[in-house]
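Taking it in order: structure first as structure tokens, then the write-up.
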Amino acid sequence: MGNVEHIHKKIIEACKKGNESARYQLYQLYAKAMYNVSYRMMNNREEAEDMLQEAFTQAFMKLDSFRYESSFGSWLKRIVVNTCINAINKRKVDLTYCEEIYSDAVSEEEEAEPVYTVQLVTRAIEQLPEGSRMVLSLYLLEGYDHGEIAQIMGITESTSKSQYMRAKRKVADLLKGITEG
């Protein structure tokens with residue numbers, strides 16, 4: 001991307017100099033989007049808020065390392081994702097993945113496409129096991145590729161791909177159950 005002019009460069013530079021007002025302004029600009037990332041990772045409001053605060057604290061401490069090689073939002077999102085992953089790993093709980101094996105057979109019945117709301121899809125994603133939910137969120141919602149996800153989560157790329165496919169199918173099954181029920 002190179003050194004292109006960043007939209008918030010003046011604010012970022014003021015933050016680097018310790019300007020508290022600029023820090024608050026930067027927080028206001030990015031907090032909502034980063035909270036959404038954190039919530040999708042943590043699946044819990046309180047934990048998402050804690051991770052958001054921790055990520056911003058880390059970002060402000062590391063701000064001198066921001067070199068404008070990417071957008072500030074991308075740089076900050078990486079910190080948020082890593083903060084969430086680290087918190088989940090500290091729990092010492094194994095990530096659970098979708099273990100169900102699905103057949104690739106497609107039903108020959110043609111069904112009308114159901115209409116899903118964002119709320120229904122979000123509820124279905126929240127019901128996924130933690131590991132599968134994280135892979136789905138990182139790939140589908142945050143735009144990471146499977147190689148990046150594998151590196152972030154300490155899994156293989158093929159595990160990332162298979163968990164993504166299983167998570168997608170599980171969400172589809174959950175949504176199908178909601179609309180039929």
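Do you know which of the residues in the stretch 144-158 that are assigned to a helix (DSSP H, G or I) and at pLDDT below 90 is surrounded by the most Cβ atoms within 10 Å (Cβ to Cβ)? Looking at residues that are assigned to a helix (DSSP H, G or I) and at pLDDT below 90, I get 149. The set of residues in the stretch 37-49 being acidic (Asp, Glu) and either open to solvent by less than 30 Å² (accessible area, probe 1.4 Å) or touching a residue at least 24 places away in the same chain (Cβ under 8 Å) (or both) consists of 47 alone.
For the stretch 159-181, taking the residues that are at pLDDT 85 or above and small (Gly, Ala, Ser), the one that is nearest to residue 119 (Cα to Cα) is identified as 172.
For the stretch 124-143, which positions are small (Gly, Ala, Ser) and part of a helix (DSSP H, G or I)? Correct list: 124, 131, 132, 137.
When 96, 117 are checked against the criterion of being modelled with pLDDT under 85, β-branched (Val, Ile, Thr) and touching a helix residue (DSSP H, G or I) at 6+ places or on another chain (Cβ under 6 Å), a single residue qualifies: 96.
If the condition is being more than 14 Å from residue 9 (Cβ to Cβ) and open to solvent by 80 Å² or more (accessible area, probe 1.4 Å), then the stretch 22-36 contributes 24, 28, 32. On inspection, residue 52 passes the criterion of being under 25 Å from residue 135 (Cβ atoms), open to solvent by less than 60 Å² (accessible area, probe 1.4 Å), in a helix (DSSP H, G or I) and not acidic (Asp, Glu).
May I ask you to verify whether residue 106 is farther than 16 Å from residue 175 by Cβ and at pLDDT 90 or above?
On the way: farther than 16 Å from residue 175 by Cβ: yes; at pLDDT 90 or above: no.
Answer is no for this residue.
The values are calculated or read from the model by the stated rules, or taken from the named source; none is laboratory data. Bear in mind the structure is a predicted one, so any value in this text is a computation, not a measurement. Because the Cβ atoms are built from the backbone with ideal geometry, glycine has one as well, and the counts that use them run over all protein chains shown. We work out accessible area using only protein heavy atoms, side chains counted, and drop any ligands, DNA or RNA first. Shrake-Rupley method; radii C 1.70, N 1.55, O 1.52, S 1.80 Å.
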